[in-house]
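Asks: Dropping a structure here in structure tokens format, bear with me for questions.
The values are calculated or read from the model by the stated rules, or taken from the named source; none is laboratory data. Predicted model, so just to flag it, every value in this text is computed and none were measured. Neighbour counts run over all protein chains shown; Cβ positions are idealised from the backbone, glycine included.
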């Protein structure tokens with residue numbers, strides 16, 4: 001396992017475990033968390049820790065896929081929350097010390113397919 | 001550039017160029033395209049080609065980030081369409097011959113942030 005793979009694996013494991021000390025140790029001081037869908041940005045380890053600690057609880061994360069190359073990683077998680085399963089797509093960059101420096105995260109929601117492609121698709 | 005990096009780069013370039021011959025050559029016969037948000041699945045090269053060819057045109061794709069490892073890749077695209085810019089998160093798997101065998105794609109949409117975290121976030 002490369003260092004980035006281990007870091008990203010530990011990052012999600014610490015979050016799922018609500019192990020805030022372990023989670024905080026993986027973050028750069030100046031970590032930036034981007035949520036492009038809401039145009040929100042959280043800057044700095046303390047704010048990002050608080051964001052996660054204060055987030056309404058009850059969620060559980062499973063890593064469905066992780067791809068890592070050098071200091072870059074992308075993960076696809078499944079987030080179970082209130083009887084639903086939502087996908088989460090995250091792009092993570094590590095700094096030179098191997099700490100998580102930038103996270104850009106997407107929370108795609110279900111929607112109805114547009115008409116006109118029924119002849120090509122299966123629904124599941 | 002690894003083979004998977006080159007393949008994924010060529011995949012998006014061919015799609016952006018509407019070069020259907022080049023795009024088709026990168027696909028496994030039994031390629032499967034998954035859209036978990038709509039629970040749609042498209043199976044086979046011919047159907048997946050037609051899906052892309054028939055998709056209402058006017059879109060332009062830019063690769064914002066690509067992460068590749070072995071036969072796995074993840075990309076974050078920016079899709080410009082009708083004056084909007086939408087992110088696209090895709091997870092691609094290549095087969096043993098280096099052809100694209102599975103693509104799982106997410107199209108996250110903008111939404112309003114829930115209240116209660118204004119003290120931690122910046123909007124942009």
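Asks: Out of A:14, A:22, I need the residue that is surrounded by 18 or more Cβ atoms within 10 Å (Cβ to Cβ), in a helix (DSSP H, G or I) and without any contact (Cβ under 8 Å) to a residue 24 or more places away in the chain. Which one? Before you say what the answer is, go through the steps one by one.
Replies: Details: A:22 fails: surrounded by 18 or more Cβ atoms within 10 Å (Cβ to Cβ).
Only one candidate qualifies: A:14.
Asks: Any chance region B:55-74 includes a residue that's more than 9 Å from chain A (Cβ to nearest Cβ) and closer than 20 Å to residue A:103 by Cβ?
Replies: Yes, some residue in region B:55-74 is more than 9 Å from chain A (Cβ to nearest Cβ) and closer than 20 Å to residue A:103 by Cβ.
Asks: Here is a further query. When you check residue A:61 against the structure, is it in contact (Cβ under 8 Å) with a residue 60 or more places away in the chain and more than 18 Å from residue B:90 (Cβ to Cβ), yes or no?
Replies: no
Asks: In region B:69-82, how many are over 19 Å from residue B:109 (Cβ atoms), free of Cβ contacts under 8 Å to residues at least 40 places away in the same chain and surrounded by fewer than 18 Cβ atoms within 10 Å (Cβ to Cβ)?
Replies: Summing the residues that are over 19 Å from residue B:109 (Cβ atoms), free of Cβ contacts under 8 Å to residues at least 40 places away in the same chain and surrounded by fewer than 18 Cβ atoms within 10 Å (Cβ to Cβ) in region B:69-82 gives 0.
Asks: State the number of residues belonging to region B:31-42 that are closer than 22 Å to residue B:9 by Cα and at the interface with chain A (Cβ under 7 Å from one of its Cβ atoms).
Replies: Adding up the residues that qualify gives 1.
Asks: Please find, among A:112, A:85, the residue that is under 29 Å from residue B:51 (Cα atoms), part of a loop (DSSP other than H, G, I, E, B), within 14 Å of chain B (Cβ to nearest Cβ) and without any contact (Cβ under 8 Å) to a residue 12 or more places away in the chain.
Replies: Only one candidate passes the filter, namely A:112.
Asks: Let me ask something additional. For the condition closer than 25 Å to residue A:115 by Cα, surrounded by 18 or more Cβ atoms within 10 Å (Cβ to Cβ), in contact with a strand residue (DSSP E or B) (Cβ under 9 Å, 6 or more places away or on another chain) and modelled with pLDDT of 95 or more, what is the one hit in B:66, B:89?
Replies: After ruling out the rest, the residue left standing is B:89.
Asks: Among the residues of region A:1-11, write down those that are without any contact (Cβ under 8 Å) to a residue 40 or more places away in the chain, assigned to a helix (DSSP H, G or I) and within 16 Å of residue A:72 (Cβ to Cβ).
Replies: Scanning region A:1-11 gives a single hit, A:6.
Asks: Let me ask something else. Checking the conditions here, which among B:96, B:118, B:105, B:122 is more than 9 Å from chain A (Cβ to nearest Cβ) and either closer than 17 Å to residue B:14 by Cα or in contact with a strand residue (DSSP E or B) (Cβ under 6 Å, 6 or more places away or on another chain) (or both)?
Replies: Only one candidate passes the filter, namely B:105.
Asks: To continue, here is another question. Of everything in region A:32-46, what is buried (at least 18 other Cβ atoms within 10 Å of the Cβ) and without any contact (Cβ under 8 Å) to a residue 60 or more places away in the chain? Give them in sequence order.
Replies: If the condition is that a residue be buried (at least 18 other Cβ atoms within 10 Å of the Cβ) and without any contact (Cβ under 8 Å) to a residue 60 or more places away in the chain, then A:40, A:42, A:45 are the ones that fit.
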